[in-house]
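One structure is given here, and the rest of the page talks about it.
Values in this text are rule-based calculations from the coordinates and carry no lab data. Note that the structure is predicted; figures quoted are calculated from it, not measured. Methodologically, a virtual Cβ is constructed for each residue, glycine included, from the backbone with ideal geometry; neighbour enumeration extends over all protein chains shown.
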Amino acid sequence: MLKNEKAVVVFSGGQDSTTCLFWAIQQFGEVEAVTFDYGQRHKLEIDCAKSITAELGIKHTVLDMSLLGQLTQNALTRSDIAIEHQEGELPSTFVDGRNHLFLSFAAVLAKGVGAKHIVTGVCETDFSGYPDCRDVFVKSLNVTLNLAMDYEFVIHTPLMWIDKAETWKLADELGAFEFVRERTLTCYNGVIGDGCGECPACKLRKAGLDKYLLERQEADMK
């Protein structure tokens, strides 16, 4: 039974990871969260993560990953690089090695606290062109971590095959819809809640929210 086991959630304080945190709380007997400070331009997300975990009574660790920002140039760690996505190219917000390193460090932390489950909010349906959000990558890394550390990790990806509207639906089913909408930070420009409305992350979030609210309204009318 998963209720007898422990999980570590890779937690940014955003919509997806907060939905995953509520999912993990329902699934596992004990949950911890880990957040990474990698010099992100929307650094307010770390404060959001601290606030959310404190309110939910979740043990929270923030790890210094500033080295990542020194190794790769991208719009999330460099304010002088525009947030854009040219057709046929990776988005300028893609951070090379981010999920690879995050999940690897989360695994080291998990083993140290006796957790065999790692939860991450990556999604292939709305993966925005990020190769390290693909199911094949996560499964490959899961095998690699198990071999590298001789430990039976399971990486859970509750959002892998659902779109943003279905992610809102899941948050609603978990009783966390308003919490996720009001308290999380998805915006690349650091605006909490519904965000700036202009950056790619906000547009994706809003499109999913609008779709779900319409579907919920139609269901209520039947």
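Here are a few things to note about the model shown:
- Near Val31, the amide H atoms lying under 5 Å from its own belong to Ala7; only residues 5 or more places off or on other chains count, and H is placed 1.01 Å from N.
- 5 angstrom amide H check on Val154, placed H, neighbours 5+ away: His117, Ile118
- Span from the the range 13-68 Cα centroid across to the the range 164-189 one, whole angstrom: 14
- Those lysines that a straight Cα-Cα span of less than 24 Å connects to Lys116, excepting residues fewer than 8 apart in one chain: Lys3, Lys6, Lys50, Lys59, Lys139
- Descending by average beta-carbon neighbour count within 10 Å, the peptides 163-169, 106-112 line up as 163-169, 106-112, the highest first.
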